[in-house]
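For reference, the structure is listed below as structure tokens.
Values quoted throughout were computed directly from the atomic coordinates according to the rules given, and no laboratory measurement underlies them. Since the structure is predicted, the reported quantities are computational estimates derived from the model, not experimental observations. Positions of Cβ are generated from backbone atoms using ideal geometry, with glycine treated the same way; all protein chains shown enter the neighbour counts.
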Ligand code: CMP
């Protein structure tokens, strides 16, 4: 049976702040065959960013990461499709933009390991939690129970 999944995508402030880049990233998502079933542009507060990245709070880069993620608006998107989690991660490329190939989102639009243009959930359980962090059921198309 096809494993239709949902995942959270974030276009981070570095990419969302460059004219035309967010549009290119959203186009790549759609051209890959993934569906965009929820979408909004928001400004994260310190509290929002701290909560979202709470799993990293003991890491040395946490404070800088929160500062970066609140430095300008982000675009959050709910993506849907067969194996959506891995497919979105493949489109992004590795976390460190300096190691990401040309043709990947991080390779083309990111700068380094922190300013890496985009985020994606890493597993079905985290996708569920991360989607619910930014979207309520009415803001995502399709079946409510899949959220
Ligand atoms: P993301 O996929 O959003 O998940 C956690 C984020 O922390 C990651 O992308 C990077 O933006 C950031 N990050 C991860 N590792 C490091 C690091 N070693 N130094 C700075 N930032 C990092």
Exercise for review: Using just the helices of the chain, give the 222 nm mean residue ellipticity in deg cm²/dmol: DSSP H runs with n ≥ 4 each add -39,500 (n - 2.57), and the total is spread over all residues, rounded to 500.
Suggested key: -10000 deg cm²/dmol
Check your understanding: So what's the chain giving for Cα Rg divided by 2.2 N^0.38 Å, two decimals?
Key -> 0.98
Review point. Which shape class applies to the range 61-147: rounded if a/c is under 1.5, otherwise prolate when a/b exceeds b/c and oblate if not, where a ≥ b ≥ c are the square roots of the Cα gyration tensor eigenvalues?
Key: oblate
Practice item. Could you check what % of the DSSP bridge pairs in the chain are antiparallel, to the nearest 5? Key: 95
Exercise for review: Return the distance in nm (one decimal) between the two label points of a simple spin-label model at residue 82 and residue 2, each offset 7 Å from Cα along Cα→Cβ.
Suggested key: 0.6
Check your understanding: Packing-wise, with mean Cβ within 10 Å as the measure, how do 54-64, 32-42 rank, highest first?
Key -> 32-42, 54-64
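Rank these for me by crowding, 21, 74, 66, going from fewest to most other beta carbons within 10 Å.
Details: 21 17, 74 27, 66 22.
Placing the least packed residue first, the sequence is 21, 66, 74.
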Study note, to complete from the structure: Computed from every Cα-Cα pair in the range 1-79, P(r) in 10 Å bins starting at 0 and rounded to whole percents is 18, 43, 30, 10, 0
Practice item. Using a 10 Å cut-off on Cβ atoms, rank the peptides 79-88, 8-17, 118-127 from the highest mean neighbour count down. Key: 8-17, 79-88, 118-127
Study note, to complete from the structure: Extension length gain for residue 58 and residue 136 (0.36 nm per residue less Cα distance), in nm, is 25.2 nm
